[in-house]
Amino acid sequence: MDTQRRAHSVCAVLNPASGHIGDPENVRALLETELAPHVASLAVYETTGEEDIAAVTRAAVKDGATMVVAAGGDGTVAAVVNGLIGSSVPLAILPVGTGNIFARAVRLPAALKPALSVVAGPHEVISLDAMKVGDTFFVLNVSTGISSRSMEDTLPDNKKRFGVVAYVWTVLGHIIGLRSDRFRLTVDGRSIALNATEILVSSGTITEHPPFALGPRETFADGRIEVYVVDARSTFEYVRLFFRTLFRVSKDDGRLRHYTATERVRIESRRGKHPVQGDGEVFGTTPVEATVIPDAVLLVVPASDGA
């Protein structure tokens with residue numbers, strides 16, 4: 001970790017369509033009042049939904065940006081990450097999306113003003129691993145099964161109106177009458193045939209280190225990825241599995257299996273194709289292969305005590 005106090009040239013990538021951003025002009029105003037006085041320069045790029053955000057980010061770095069702020073949800077963060085891969089320019093996050101799962105996972109402030117204070121004041125820069133799928137990089141997770149189908153079926157208007165509740169409601173709808181499917185999972189060359197309703201490949205651990213459901217933060221920079229295979233087939237089994245995992249009743253429930261990879265993971269569905277999501281956005285179908293990329297991107301986090 002490196003504690004930073006120098007004045008950065010900042011490019012803020014602002015997604016006005018993010019779930020809880022409200023009036024984009026208010027966010028712009030806060031950037032001007034809370035951030036601009038503390039940085040060397042500030043440029044705000046407001047996305048339209050049509051551009052390649054990774055390309056916009058790369059152009060900003062080429063033009064001299066020494067920090068890029070992603071003001072949006074997990075999809076915006078993932079897009080900016082892809083523009084920063086291979087550079088020494090750190091990412092900062094203003095979590096104004098629907099779920100902000102990644103920001104929560106790495107324990108960034110959930111409110112806008114405290115998040116701006118991290119960027120404007122003393123902070124630390126840490127290194128994060130990534131998962132490479134094709135030419136795209138993800139820093140949170142890649143999955144197929146009930147999660148990706150639910151993301152694909154949750155209407156954007158419902159996400160905007162109801163937030164995470166809209167997604168949860170879709171998940172519950174998919175659980176009713178749920179059937180597992182047959183997959184072949186390859187973990188660092190080891191091939192496993194299995195049945196599953198969900199296969200999640202995560203950069204961080206899941207409930208392995210209480211009280212952090214998606215952490216601790218250090219597990220996002222440990223050079224490995226975690227694979228969780230779920231074969232729960234009813235609402236009751238999902239609820240039971242959730243509580244057994246939460247309270248660590250048993251490491252091997254029979255409905256949940258856990259593997260670790262340091263190189264790559266490949267998921268193949270044995271019957272048909274399944275949608276695949278990465279960092280909250282559906283991007284393709286099985287088969288999917290994720291490769292571990294250690295120290296892929298830098299992230300701005302709150303300074304530790306005494307920094």
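How high is the FRET efficiency from Asp188 to Glu51, r the C-beta distance, R0 30 Å, rounded to 0.05? Approximately 0.25, to the nearest 0.05.
Label sites at Ala40 and Asp135, each approximated as a point 7 angstrom past Cα along Cα to Cβ, lie 3.1 nm apart. Distance between the 7 Å Cα→Cβ label points at Ala303 and Glu25: 3.5 nm. Among Phe283, Phe137, the order by Cβ neighbours within 10 angstrom, fewest to most, reads Phe283, Phe137.
Please list, by residue number, everything in region 33-59 whose backbone N is under 20 Å from a paramagnetic label point 7 Å out along Cα→Cβ of Ser9. Residues 35-46, 54-59 qualify, since their backbone N sits under 20 Å from the label point. Model label sites at Thr285 and Ala111, defined 7 Å from Cα along the beta-carbon direction, differ in position by 4.6 nm.
Values in this text are rule-based calculations from the coordinates and carry no lab data. Computed from a predicted structure; not experimentally measured. Quick reminder, even Gly has a Cβ in these numbers, built from the backbone with ideal geometry, and neighbours come from all protein chains shown.
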